[in-house]
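Encoded as structure tokens, the structure appears first; notes follow it.
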Amino acid sequence: MFAAQIVAPRRIRVTDAPEPSIDEGQIKIRMERACLCASDTPFFDYDHNALLDEAHRDQSKRYNIPFLPTDGDPYPMRLGQSVHECLGTVVESRSPRFETGDFVLALPNAQDGLVEYMVSETDRAIHLPVDSVPKEQILMTQPLGTVVWACHKLRSVMEHEVVVLGQGPMGLLWTRMLANLGARTIIAIDPIEARLKAARTMHATHTIDPSTQDPEEAVREITGGRMADLVVEAVGHQMETINQAIDLTRPLGTVLCFGVPDRALYDGFAYTDFFRKNLSLVSSVGPDVVPNYTMARDLIAQGRIDVAPLVTHVLSFGEVQEAFELFVDRKDGAIKVVLDYES
């Protein structure tokens, strides 16, 4: 089978590999589509030997990236890393839940979905409708499912004033979900104009470019001095925006930590501001796969959430190097970059 493997920082190659076998309770899937997520970025973009060297010198600066070794040479990485938003057709099943020919969304075991044939546990997969929407759009079931999971942790946002920090793929899904849930004011913040344009399509009521406006002043003006009831931090992979989220939240408000952290320890967390404002801090990672993904699937398939504005680029599997560069470097207005395994 064909597969991809990261062999050095910012270098991924397509190679041949043996097809996997499956055990009881697993399914084997012929991959058809996958898309890149910000949590895949560190695998490709970071120099992990340099990060390991830094951690050996100062443990307080260590990174915590799942599925990677904490010592030794991390290159070449595990075959198929890194992608986890995957769909395809079951070609072999050892579970009563799935049959050969079923069209499914499934999670790989270690973000190793850059392979022609992927193995998944059956409790990490759901059935997908055929031809309800294009494959590239129904694939958004996976990221939307993580938003559904996080929404279960929040109180009602009906008539609330909310801020979504970051308008990448996840931030845009949050913008649309909060609109559907009845938020009165939805303020989208991002420095990239193409993403702010997409945010307006996803029903943001206001947009802020932090490179030209002071976000705190702008949010204060929009909310009449009240600030936000809820701030969703949807950036991750750096340490600055968590304090910005605290600044944008009103007393007794809520900060939702949704962006994935890389650092094991955060420097400079504004604990006193957080404490004195009586804020609630909610974290959310991963879904409850079957209920959350099926809900997300139905929202998309039934047209209740239009994810088309997210899918900006579709490349063939053989263009995986270009796909990662496009996504990681945010070239050409890229939001969601999809890999087509069939082309």
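The values are calculated or read from the model by the stated rules, or taken from the named source; none is laboratory data. Worth saying up front: this structure is predicted, and the values here are computed from it rather than measured. Cβ sites come from the backbone with ideal geometry, for glycine too, and all protein chains shown count toward neighbours.
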- [ ] Kindly indicate whether any position in the stretch 38-49 is assigned to a strand (DSSP E or B) and either modelled with pLDDT of 95 or more or crowded, with 19+ Cβ neighbours inside 10 Å (or both).
- [x] no
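Please verify whether the stretch 217-226 includes one or more residues that are under 22 Å from the mean Cα position of the chain (by Cα), within 23 Å of Cys151 (Cα to Cα), surrounded by 20 or more Cβ atoms within 10 Å (Cβ to Cβ) and of a type outside the set (Gly, Ala, Ser). So that I can check it myself, show each step before the final result.
From the stretch 217-226, those under 22 Å from the mean Cα position of the chain (by Cα) are none; that's our starting set.
Checked the stretch 217-226: no residue is under 22 Å from the mean Cα position of the chain (by Cα), within 23 Å of Cys151 (Cα to Cα), surrounded by 20 or more Cβ atoms within 10 Å (Cβ to Cβ) and of a type outside the set (Gly, Ala, Ser).
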Open item on the list: So Pro74 ticks every box in (1) buried (at least 19 other Cβ atoms within 10 Å of the Cβ); (2) part of a strand (DSSP E or B) but one. Which box is left unticked?
Closed with: (2)
Open item on the list: So if I check each of Glu319, Glu240, which one is without any contact (Cβ under 8 Å) to a residue 24 or more places away in the chain, out of contact with any Asp or Glu (no Cβ under 8 Å at 6 or more places or on another chain) and crowded, with 16+ Cβ neighbours inside 10 Å?
Closed with: Glu319
Open item on the list: Suppose the filter is of a type in the set (A, V, I, L, M, F, W, C) and out of contact with any strand residue (DSSP E or B) (no Cβ under 8 Å at 6 or more places or on another chain); does Val147 pass it?
Closed with: yes
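Quick one: in the stretch 50-68, of everything that is touching a helix residue (DSSP H, G or I) at 6+ places or on another chain (Cβ under 6 Å) and among the basic types (Lys, Arg), which residue is surrounded by the most Cβ atoms within 10 Å (Cβ to Cβ)? So that I can check it myself, show each step before the final result.
The initial filter retains those residues of the stretch 50-68 that are touching a helix residue (DSSP H, G or I) at 6+ places or on another chain (Cβ under 6 Å), namely 54, 61-63, 65.
So of that shortlist, the ones also among the basic types (Lys, Arg) come out as 61-62.
Numbers: Lys61: 14, Arg62: 17.
Among those that are touching a helix residue (DSSP H, G or I) at 6+ places or on another chain (Cβ under 6 Å) and among the basic types (Lys, Arg), it is Arg62.
Hey, can you tell me all the residues within the stretch 112-134 that are in contact with a strand residue (DSSP E or B) (Cβ under 7 Å, 6 or more places away or on another chain), part of a loop (DSSP other than H, G, I, E, B) and surrounded by fewer than 23 Cβ atoms within 10 Å (Cβ to Cβ)? Before the answer, list the steps.
So the first thing to find is which residues in the stretch 112-134 are in contact with a strand residue (DSSP E or B) (Cβ under 7 Å, 6 or more places away or on another chain), and the list is 113-122, 124-128, 130.
Going one step further and asking which of them are part of a loop (DSSP other than H, G, I, E, B), we end up with 113-114, 116, 128, 130.
If the condition is that a residue be in contact with a strand residue (DSSP E or B) (Cβ under 7 Å, 6 or more places away or on another chain), part of a loop (DSSP other than H, G, I, E, B) and surrounded by fewer than 23 Cβ atoms within 10 Å (Cβ to Cβ), then Glu116, Val130 are the ones that fit.
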